[in-house]
Amino acid sequence: MSGKSKKTTAGAGFSGKMGYVLAVAGSAVGLGNIWRFPYLAAKYGGGTFLFTYLVLAITFGFTLIITETALGRKTGKSPIGAFKALGAKKLMFGGWINAIVPMLIVPYYCVIGGWVLKYLFAFAGSNAVSLQEDTYFNNFVSKTGEPIFWLLVFAVAVFVVIIMGVEKGIERVSKILMPLLVVMAIGIAVYSVTRPGAMEGVKYYLIPDFSKFSIHTVVAAMGQMFYSLSIGMGVLFTYGSYMKKDIDMESSIRQVEIVDCIIAFLAGLMIIPAVFAFAGGNPETLQAGPSLMFITMPKVFLSMPMGRIIGMVFFILVFSAALTSAVSLMESGVATFVDTTKWSRKKSSVVMLGIILLLGIPSSLGFGVWSFIKPIGGSILDFFDFITNSIMMPLAAICTIILVWKVCGFNTVVEEVESSSKFKEKKIYLFIAKYLVLIFLCVILISSILQAFGFMKI
Ligand code: TRP
């Protein structure tokens, strides 16, 4: 790859627009789309959530991605460096939050990655039919050793990719597998929605019912927007710093957003109607949370001809999407250590692996022997998920916006976008960035904090 050499370690510049879009989409599309989006949509009112999510992604999501990417490209640095270069001073802690979030996400990401691996192998094994039993998932996650074993396998795979410096190779593989995942998701979605009883689910998923709308819907959709589009955690600065100056930033970002939303949408269409067809729309299943995909998808596959093979292929594709995202999350942590300490890349990677195990193992145990520990009312994994997506990422985004507003000015962003192409939605961008984002993020942050302290239910 050609391009300027940058201070951060993750790689060199992207050679073209296509390269940029594919690399960012590869890191953005992951468990957030396939595992997290459907369970939130199921839980928070189906169509109501879908609608809220899309509106947020198009407005606030777009604004925040443009801002982070432009600051990254302008300074050529990852968040801490970018904050410093722009003269953040008192706001420096904003750069730090951006840098710390990936370190808190990747441990629990690896827990889920481990579950995916377990299901992949279970589909290949002789006892695959038992996967459709309602108790299978809970029996598995509540064990002590087995989920930790799979967490370890997943985490070591990520570690090996990073240590061997084969991210580019993995990215190339994932570029082939991602379209396959889309094709397969379309096929499964068609199968799901044509099952008897599934139409109720399609309606639930597609038609907003605003009597179900509440501030919880917005908080959840906002957290998901940050998570799925990788906003508020520094990676977009870093990717921006690799983006060549002549690439059309606005349209690249649109494309990444579209790919990300389509995959999430398809995942919802695969899973939610299936809940209605296979569990009779049992309201409890809709509330299943993190377990939803694992409970529902085996029932779908095992009702198909050749279902075991299809299930296995599905979990291989989910694994590959999860692996590229986890590599890029861990890479971001490693880059932060390399840039801010005197540690070598190897040492930084070992420290990151240590952090993954230190925080990942408790998250895993939280479904079993440590299930009595309920910080803010949910499992330990829910806790990490909540403080990162609903508190730290909005906070990081608030700092970024204040930085632009008070220190470098919105023109810095506009000029950077315009340096390569016309900024078609400049007016909308400026309006949202100047007048809406801060107020909105503060309202979200306050209500998240109220939720966390039990004044509101999560
Ligand atoms: N967006 C990823 C997903 O949907 C998860 C993620 C969050 C991520 N932050 C990231 C991936 C940073 C790579 C880099 O699964």
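Observations on the structure shown:
- Checking each residue in region 288-342 for being within 15 Å of the ligand (Cβ to nearest atom), over 19 Å from W115 (Cβ atoms) and among the hydrophobic types (A, V, I, L, M, F, W, C) picks out V334, A335.
- Any helices (runs of 4 or more DSSP H) falling wholly within region 137-216 and containing at least 2 residues that are over 23 Å from I355 (Cα atoms) and modelled with pLDDT under 95: 167-193, 198-206
- Hey, L269 buried (at least 23 other Cβ atoms within 10 Å of the Cβ) and under 19 Å from K74 (Cβ atoms) or not: no
- When region 355-378 is filtered for residues that are touching a Phe, Trp or Tyr at 6+ places or on another chain (Cβ under 6 Å) and modelled with pLDDT of 90 or more, only S363 remains.
- Lone unmet requirement of (1) assigned to a helix (DSSP H, G or I); (2) at pLDDT below 95; (3) more than 15 Å from the ligand (Cβ to nearest atom) for S15: (1)
- Each residue in region 320-356 was checked for being among the acidic types (D, E) and within 12 Å of F159 (Cα to Cα), and 1 of them qualify.
- Yes/no for G197 being touching a residue at least 60 places away in the same chain (Cβ under 8 Å), more than 21 Å from the chain's Cα centre (by Cα) and either within 16 Å of the ligand (Cβ to nearest atom) or at positive phi (or both): yes
- Filter pass, M393 being within 16 Å of the ligand (Cβ to nearest atom), modelled with pLDDT of 95 or more, buried (at least 20 other Cβ atoms within 10 Å of the Cβ) and in a helix (DSSP H, G or I): no
- Of the helices (runs of 4 or more DSSP H) entirely within region 242-346, those holding at least 3 residues that are touching a helix residue (DSSP H, G or I) at 6+ places or on another chain (Cβ under 9 Å) occupy 249-279, 292-302, 307-340.
- There is no residue in region 284-299 that is under 27 Å from G26 (Cα atoms) and of a type in the set (K, R).
- Pair list, Cβ under 7 Å, 6 or more apart: region 213-229 residue within 16 Å of the ligand (Cβ to nearest atom), other residue in a helix (DSSP H, G or I) and among the hydroxyl-bearing types (S, T, Y): A221/T52; A221/Y53; G223/S390; Q224/Y53; M225/Y53
- Subset of region 18-33 (residues that are within 16 Å of the ligand (Cβ to nearest atom), more than 18 Å from M297 (Cα to Cα) and either charged (D, E, K, R) or in a helix (DSSP H, G or I) (or both)): Y20, V21, L22, A23, V24, A25, G26, S27, A28
The values are calculated or read from the model by the stated rules, or taken from the named source; none is laboratory data. The shown structure was predicted, so the numbers you read here are calculated from the model rather than taken from an experiment. No Cβ is skipped: glycine too gets one built from the backbone with ideal geometry, and neighbour counts run over all protein chains shown.
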